[in-house]
1. Please give the peptides 104-117, 280-293, 381-394 ranked by average Cβ packing (other Cβ atoms within 10 Å per residue), highest first, as a rough proxy for protection.
2. Could you work out what % of the accessible surface of segment 279-438 is carbon and sulfur, using a 1.4 angstrom probe and leaving DNA, RNA and ligands out of the count?
3. Quote to one decimal, in nm, the extra length available between residue 394 and residue 146 on full extension: 0.36 nm per residue of separation minus the C-alpha distance between them.
4. What number comes out for accessible area per residue over the chain if the probe is 1.4 Å? Units Å², please.
5. Considering the options 189, 174, 206, tell which one lies farthest towards the positive end of the dipole of segment 156-225, charges being +1 on Lys and Arg and -1 on Asp and Glu at the Cβ, about the Cα centre.
6. Around residue 106, which amide H atoms from residues at least 5 apart in sequence, or from another chain, sit under 5 Å from its own amide H, with H modelled in the peptide plane?
7. Just to be sure I understand the model, the point goes 7 Å from the Cα along the line to the Cβ. What's the resulting residue 429 to residue 343 distance in nm?
8. For residue 380 and residue 118 in the same chain, what is the full-extension length gain: residue separation times 0.36 nm, less their Cα-Cα distance, in nm?
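The values are calculated or read from the model by the stated rules, or taken from the named source; none is laboratory data. This structure is a prediction, so every number in the text was calculated from the model and none was measured. Methodologically, a virtual Cβ is constructed for each residue, glycine included, from the backbone with ideal geometry; neighbour enumeration extends over all protein chains shown. Heads up: the accessible areas ignore ligands, DNA and RNA and are worked out on the full protein's heavy atoms, side chains in. Shrake-Rupley method; radii C 1.70, N 1.55, O 1.52, S 1.80 Å.
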Amino acid sequence: MYNENRFYIGDASKNPDKYNGQTVTVRAWVYNKRSSGKIKFLILRDGTGLLQTVLVKGECPDSAFDDFEKLTQESSVIITGVLRKEPRSPGGVEMGLRTLQIHSLAEAYPISHKEHGVEFLMENRHLWLRTPRQAAVMKIRAEIIKAIRDFYDERDFTLFDAPILTPSSCEGTSTLFQTPYFEQKAFLTQSGQLYGEVGAMALGKVYVFGPTFRAEKSKTRKHLTEFWMMEPEMAWYDLDDNMALAEEMIKYIFQRVITKRALELKTLERDISKLEKVKRPFPRISYEDALKVLEKKGVGVPWGEDFGAPQETALGEDFDGKPVFIHRFPKQIKSFYFKTDPQNPKYALGCDLIAPDGYGEVIGGGQREDDCKVLEKSIEEHGLKKSDYEWYLDLRRYGSVPHAGFGLGLERTVAWICGLDHVRETIPFARMINTLRP
Ligand code: 4AD
Ligand code: MG
């Protein structure tokens, strides 16, 4: 039954003084149990934290001791007891058990407290999510989403939802997922950007936030086939405005997680000093200068080539834990919609943000081509069908203005903040080349 005063373990950890001495009921699952002589310890989890409950003879009925013996990992229970402040316990409180009711005795649970291989854990993702580490990652992911939305809402951006079924590509045709669509074919969206541009012309400042899809054949620690992207798009913004906004947003997200998710960061044993280094201003270097840095570090690439993982890792190393913007890329490695640099037509006015410690490109974006003729030519040069983009060209025909935006990859951001070495743990159910279940 709904009861807004229902007690959760996390409530007590937030305010151990308030709950000291209080009798409460916990509805939870058995995380672990152990014995020390006549005293039994039952460690419970309810999704908001862990609570150690203590069974002492005389303080609870003898039947509770029999039930304790029966309890298996992940059995569900309803327990009443008296809380006391206990600074040595993980949540800052402990419970003296008074009554124990077994709700459902669990079968032998496949995930024990021993180490398991990642493949096994991914197959059992529906259960793996119950472990405190995974729960901490999910809470931080939710906090990041909330921080992003607050950041834009506070700045009068309008949330603008782009379609998932689309008729054409945004980020090249090689990573499109295709699906039959009645008499036509449709593609799962690679990015909401083109629709975000419509929003910017209609509403000034918007952000698109939703799932995006890439048929990525690459098996790396940074690639998913389904991932979430947050994409602001702003009329009357140039490349520098765009980088300034991205920088402010990243700092905002980090500060929010540091202050509101300290407990979860501790569960993950994340080094907070690393997160605190993410302060403005972030360095900005051109592609041309980045090539020189890479050359010196022995991972140089010829002019005109895109950076891969070794290049991104090397670039992320150099700025004392801060992420770095790389801007002005050779036109040939960028999508059709980038504005050509008026200073030098070899370049596209793009900007990528590369995170430190090998987390790679977390943001990709830039200024958009606002000249109709130039854009038409670019669509053609990229081998795209002009008729698919007439509506997009209309934005240039009717009151074209300079505008810019970017896409933040949510899962890479979660991996960076949580200190995880693979994006598969940053989303409840990762979709990758060989992973479609559960
Ligand atoms: O650099 P990308 O491809 O840029 C765009 O899609 C633009 N249309 C965005 C815009 O300007 N509105 O992707 C943006 C970000 C990357 O920097 C990365 O963080 C993430 O999306 N990303 C992926 N994350 C996980 N798995 C993948 N396969 C990803 N591809 C891109
Ligand atoms: Mg990119």
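1. Details: 104-117: 11.0, 280-293: 16.4, 381-394: 13.4.
Order by mean packing, descending: 280-293, 381-394, 104-117.
2. It is 50 percent, rounded to a whole number.
3. Working: separation 248, 0.36 × 248 = 89.28 nm, distance 3.37 nm.
Full-extension gain reported as 85.9 nm.
4. On the way: 20980 Å² over 438 residues.
For the chain, the per-residue accessible area is 48 Å².
5. Of the candidates, 174 comes out farthest on the positive side.
6. For residue 106, whose amide H was placed from the backbone, the distant partners under 5 Å are 72, 75, 76.
7. Once both label points are built, they end up 4.8 nm from each other.
8. 89.8 nm
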